[in-house]
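Nothing in this text is a laboratory measurement; each read-out follows from the coordinates by a stated rule. Because the structure is predicted, anything quoted here is derived from the model rather than measured. We place every Cβ from the backbone using ideal geometry, glycine too, and count neighbours over all the protein chains shown.
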Amino acid sequence: MTQHLPATPDTNSRSPLCATINLSGSIITLNGAWHEQLGWPAEGLLDTIFVTHVYPDDLEHVISAIHLAVSNEQPVRFRCRYSHYNNSYLPINWQAHFKLDTLCIELIGLLAR
């Protein structure tokens, strides 16, 4: 059984993780909180598929939530474990909102307590 240890960075920070993904799921923008809180350099995530870093047991739920945000054009909230650069996973509360004008999904996440 794999044990996932807590991340070492300051998880008390409340800066939101902000990202935009296209309809294929690729991350096209992200803010500095991804590096500050999850250790990921921007070049390590840009153009990768967002769900690639979701904990495997949470994957189906996350895909369903994102599909719901697109189909309903309403914000959807969900929680999942997302990988830290150090190979641990952190629980994150997300909101996904589909933007019809850009055909992208905006994601805002906060580390769960």
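Computed values, structure above
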| quantity | calculated |
| --- | --- |
| Given charges at beta-carbon only (K, R positive; D, E negative), |dipole| of the chain in Debye | 320 |
| Note, ³J(HN,Hα) from phi for region 55-63, Karplus 6.51, -1.76, 1.60, rounded to Hz, x at Gly and Pro | 4, x, 5, 9, 4, 4, 5, 5, 4 |
| Full-stretch length increase - R77, H61 - with 0.36 nm per residue and alpha-carbon distance subtracted | 4.7 nm |
| Surrounding net charge for Y85, when Lys and Arg each add one and Asp and Glu each subtract one, Cβ distance under 13 Å | -2 |
| Overall dimensions of the chain as given by Cα atoms, namely Rg and Dmax in Å | 13.3, 45 |
| Note, ³J(HN,Hα) from phi for region 65-82, Karplus 6.51, -1.76, 1.60, rounded to Hz, x at Gly and Pro | 5, 5, 4, 4, 4, 6, 6, 8, 6, 10, x, 10, 9, 7, 10, 8, 9, 10 |
| Full-stretch length increase - L68, E36 - with 0.36 nm per residue and alpha-carbon distance subtracted | 8.6 nm |
| For S88, residues with placed amide H under 5 Å, excluding near neighbours | none |
| Amide H partners (placed H, <5 Å) of R79, local residues excluded | W94 |
| Placed amide H near T48: partners under 5 Å, 5+ positions off or other chain | I27 |
